[in-house]
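Below you'll find the structure, written out as structure tokens, and then a few comments.
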Amino acid sequence: MPEQQTIVPKETISFEGIFSIKELRDLIMDWIFAKAYVPIEAKAQQVFKKDAKFFEFNFKPYKKLSDYAKSVIKITVSAFDCKDVNVTIAGKKKKMQEGKVVIKVEGILETDYEAKWEKPWLYAMRVIAEKYILAPFISNHAKYVENETHQIISQIRGYLNISKRYK
């Protein structure tokens, strides 16, 4: 079983106003592909009610950093009480949503993800190897996961900050 180390604890981004759920999803997917992560969309749900819509997307992309470690970024997008609105942008009408969106992002470093060191006698060697031999590599991988996680958080915040202009 892989060891999971939370590098960036769950960070929550909340926004209330006008946004496009499609643009937000595309922004996240574009970032995943641009950074060469393996895209895994664990859940995609849309619920339509009489007067509002609910959207939820769970992404769990990963990227192998070495044969021993990989970066996993968990992204959960939940949009509540969304109503469709038409917005004029540069003279063109565009369909967007007005409501509340909550995005949770978490950065995780997984080590021994292929469970090669799971046997009891190898586990003791793994602990010693991680402490004395692999420590600088794991530290570099942790910094990488932290940088990547903060990048996607700033991309999402930037998009939502731009969306504030449509009020």
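Residues considered: Ala79, Ala69. Of these, the only one that is among the small types (Gly, Ala, Ser) and either under 15 Å from the mean Cα position of the chain (by Cα) or under 26 Å from Ser139 (Cα atoms) (or both) is Ala69. The residues in segment 112-167 that are of a type in the set (A, V, I, L, M, F, W, C), at pLDDT below 85 and in a helix (DSSP H, G or I) can be counted, and the count is 9. Residues that are over 23 Å from the mean Cα position of the chain (by Cα) and touching a residue at least 24 places away in the same chain (Cβ under 8 Å) were ranked within segment 105-136; the one that is surrounded by the fewest Cβ atoms within 10 Å (Cβ to Cβ) is Ala115. Taken across segment 34-54, residues that are in contact with a Cys (Cβ under 9 Å, 6 or more places away or on another chain) and of a type outside the set (A, V, I, L, M, F, W, C) do occur, with at least one present.
The condition (being in a strand (DSSP E or B) and buried (at least 16 other Cβ atoms within 10 Å of the Cβ)) is satisfied by just one residue among Gln97, Gln46: Gln97.
Every residue, every condition in (1) crowded, with 21+ Cβ neighbours inside 10 Å; (2) β-branched (Val, Ile, Thr); (3) in a strand (DSSP E or B), yes or no:
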{"residue": "Phe54", "(1), (2), (3)": "no, no, yes"}
{"residue": "Lys74", "(1), (2), (3)": "no, no, yes"}
{"residue": "Ala79", "(1), (2), (3)": "yes, no, yes"}
{"residue": "Asp84", "(1), (2), (3)": "no, no, yes"}
{"residue": "Val87", "(1), (2), (3)": "no, yes, yes"}
{"residue": "Lys93", "(1), (2), (3)": "no, no, yes"}
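Residues of segment 1-43 that are touching a helix residue (DSSP H, G or I) at 6+ places or on another chain (Cβ under 6 Å) and in a loop (DSSP other than H, G, I, E, B): Pro39 alone.
In segment 35-56, the residues that are closer than 14 Å to Lys74 by Cα form Cβ pairs under 6 Å with partners that are modelled with pLDDT under 85, at six or more places apart or across chains, as follows: Glu56/Gln45.
The values are calculated or read from the model by the stated rules, or taken from the named source; none is laboratory data. Note that the structure is a prediction, hence the values are computed from the model and not measured. Ideal geometry is used to build each Cβ from the backbone, glycine not excepted, and the neighbour counts take in all protein chains shown.
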